[in-house]
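No value in this document is a laboratory result; all are computed from the given coordinates. What you are looking at is a predicted structure, and each value in this text was computed from that prediction instead of being measured. Every residue, glycine among them, receives a Cβ derived from its backbone with ideal geometry; neighbour counts consider all protein chains shown.
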Amino acid sequence: MLRTLAVFVVLGAALFAFDRLLLRVPGEGELVVIPAQRLAELRRLAAARDGSPPGEAELAALIRAEVDDRLLLREARARGLDRDDPVIFRRLVQNLRFAGAPPERTDASLFEEAIALGMDRTDPVVRRRLVQRMQLMIEASALAREPDEAELRARYERERDQHVRPAQVRITQLYFSAQHAARAPELLRQLRAEGAGADAATARSDPFLHPPEQPLQSQRDLADRFGSEFAEQVFALPVGRWSGPVPSAYGSHLVWVHERLPEQTLPFEQVRDPLRYGLLAERRAEALARVLDELRARVRVVVESDGAGP
C-alpha cells in the first residue's frame with residue numbers, strides 16, 4: 001500500500017510540474033501561454049464534437065474561453081476558494097484514499113498532503129469547480145439590486161414585439177387513415193344533415209395518436225403535430241361547424257373549429273416575471289464580461305503553433 005502511495009506521490013509531482021510548465025496559470029507574471037499540445041487538444045475536442053475541424057473563428061473562440069478559464073482560476077485561488085470548498089476537499093481526500101492512504105490518516109491531513117503535492121492544480125474536477133465558483137461569485141455581484149418597475153417597463157417597451165402571442169385555434173378533429181379516406185366526405189354530409197356538434201361523432205373515426213379535442217394552439221404548433229398543409233387550411237376554416245376533409249401528414253380529417261383568437265401583444269403584467277429573469281440574466285452576463293475584460297487587459301496571451309492551421 002505504501003509503495004502504491006509513493007508511486008502516486010511521484011505521479012502527482014510529475015503532473016504538477018507538467019501543469020506549471022505547459023498549462024501555466026496567470027498570476028506568475030503577465031504572460032498566459034496556450035501550449036501547442038493544448039491547442040491541438042482543443043482542435044481534437046471540437047472536431048469530435050462537430051464532426052469537422054474548427055474554423056478560424058471557432059478556434060479563436062475556443063482559445064478565448066481557455067484563457068478566460070485560466071484567469072478565473074487564478075482569481076479563485078487568490079481569493080482562497082480552493083481552501084474552503086467541500087467538493088474540492090472531498091475530491092482530493094478521496095483521490096489519496098483511492099491511492100492507498102492508510103485508513104488511520106485523517107481527512108484533514110490527507111487534504112493538506114494533496115495540496116502540498118499540487119493535486120489541486122492538476123485535477124480537472126477541482127479546476128472546473130474553481131472556475132464555476134468564481135463565475136457564480138462575479139455574477140452574484142450583479143444581483144444585489146432588484147430591477148425596479150421603471151427598468152422592467154422600459155425593457156417591455158423595447159421588446160414589445162417579443163411578447164406577442166400568435167393567433168390560436170381550438171379544434172376537434174376526426175381522423176381517417178388512407179384506407180378509410182373515402183368515408184370522410186360521407187360522414188361530413190351526415191354530420192351536417194344531423195346538425196351534429198363537435199362531440200357527436202368521435203366514435204366514427206379511426207384510432208389516432210392525437211386526441212380528437214385539441215387545445216388552443218398556434219399555426220406553428222398545429223403544423224408540428226399535423227403538418228403545415230393541415231395547419232394552414234384549419235386556420236382558414238369557419239368557426240362552429242364541421243369542415244373537411246383536411247389532409248394531414250397522417251391521412252384525412254374532419255375538423256370542427258371551436259374558437260379562433262387573434263394575435264395579441266401580451267400585457268406587461270403577464271410577462272413581468274420573464275422580463276425580470278431576462279434582465280437579471282443580462283446583468284450576470286455583463287458583470288462576468290466586464291471582469292474578464294479587466295483581467296485580460298492585465299495579461300499578454302501567447303498561443304504556440306501546433307502546425308495544424310491558423
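Would you mind working out the magnitude of the charge dipole of the chain relative to its Cα centre, with +1 at each Lys and Arg C-beta and -1 at each Asp and Glu C-beta, to the nearest 20 Debye? Working shown, then result.
Details: 45 positive and 47 negative charges, 95 e Å.
That gives a dipole near 460 debye.
Seen from all sides and averaged, what is the projected area of the convex hull of the Cα atoms in the chain, in nm²?
26.7 nm²
Once you put a point 7 Å from the Cα of Ala196 and another 7 Å from the Cα of Val125, both along the Cβ direction, what distance in nm separates them?
Each label point lies 7 Å from its Cα, and together they span 6.4 nm.
Using the reciprocal of the averaged 1/r over all distinct C-alpha pairs, how large is the Kirkwood radius of region 197-257 in Å? Before the final figure, lay out each step's value.
Working: mean 1/r = 0.0839 Å⁻¹.
About 11.9 Å for region 197-257.
With θ set to phi - 60° and the Karplus curve 6.51 cos²θ - 1.76 cosθ + 1.60, what are the ³J(HN,Hα) couplings of region 162-175 in order, to the nearest whole Hz, using x for Gly and Pro?
Listing the rounded values in order: 8, 10, 9, 8, x, 4, 10, 9, 10, 9, 10, 10, 10, 9 Hz.
With r as the distance between the Cβ atoms of Arg241 and Phe268 and R0 = 45 Å, compute the FRET efficiency 1/(1 + (r/R0)^6) and round to 0.05. Could you put the intermediate results ahead of the total?
On the way: r = 37 Å, r/R0 = 0.83.
Using R0 = 45 Å, I get an efficiency of 0.75.
Please give the contour-minus-distance gain from Glu112 to Glu30: 0.36 nm per residue of separation, less the Cα-Cα distance, rounded to one decimal in nm.
Details: separation 82, 0.36 × 82 = 29.52 nm, distance 2.86 nm.
This chain segment gains 26.7 nm when fully extended.
Could you please report the charge total around Val87, scoring K, R as +1 and D, E as -1 over all other residues with beta-carbon less than 14 angstrom from its beta-carbon? Mind showing how you got there, number by number?
Working: positive: Arg83, Arg90, Arg91, Arg127, Arg128, Arg129, Arg133; negative: Asp82, Asp84, Asp85, Asp107, Asp120, Asp123.
Around Val87, the surrounding residues sum to +1.
I need Ile115, Ile171, Ile34 ordered by Cβ neighbour count within 10 Å, fewest first.
Working: Ile115 15, Ile171 26, Ile34 21.
The fewest-first ordering by Cβ neighbours comes to Ile115, Ile34, Ile171.
On the Cα set of region 103-156, report Rg and Dmax in Å, please.
Final numbers for Rg and Dmax: 20.3, 63 Å.
What does the charge count near Gly227 come to, summing +1 for each Lys or Arg and -1 for each Asp or Glu among other residues with Cβ under 15 Å from its Cβ? If you can, show how the numbers build up before the last one.
Numbers: positive: Arg220, Arg225; negative: Asp221, Asp224, Glu229, Glu232.
With Lys, Arg at +1 and Asp, Glu at -1, the net is -2.
What are the membrane-span-like helices in the chain by this rule: whole DSSP H runs, Cα extent along the axis at least 20 Å, mean Kyte-Doolittle hydropathy at least 1.0? Kindly include the intermediate steps, with their values, before the conclusion.
Working: long enough: 2-22 (30 Å, 1.78); 36-50 (21 Å, -0.54); 56-78 (33 Å, -0.02); 124-140 (24 Å, 0.01); 268-296 (41 Å, -0.47).
Counting only whole DSSP H runs, the qualifying helices are 2-22.
Please work out the FRET efficiency for the pair Leu279 and Arg165, using the Cβ-Cβ distance as r and a Förster radius of 25 Å; give the result to the nearest 0.05. Numbers along the way, then the final one.
Working: r = 21 Å, r/R0 = 0.84.
After rounding, the FRET efficiency stands at 0.75.
Give the distance, in whole Å, between the Cα centre of region 276-297 and the Cα centre of region 136-172.
18 Å
Tally Lys and Arg at +1 and Asp and Glu at -1 over the other residues with C-beta under 12 Å from the C-beta of Glu186: what net charge comes out?
Values: positive: Arg183, Arg189, Arg192, Arg204; negative: none.
Around Glu186, the surrounding residues sum to +4.
If I take R0 = 41 Å and measure r between the Cβ atoms of Leu136 and His210 in this structure, what FRET efficiency does the formula 1/(1 + (r/R0)^6) give, to the nearest 0.05? List each step's numbers first, then the result.
Values: r = 43 Å, r/R0 = 1.05.
Efficiency computed from Cβ-Cβ geometry: 0.45.
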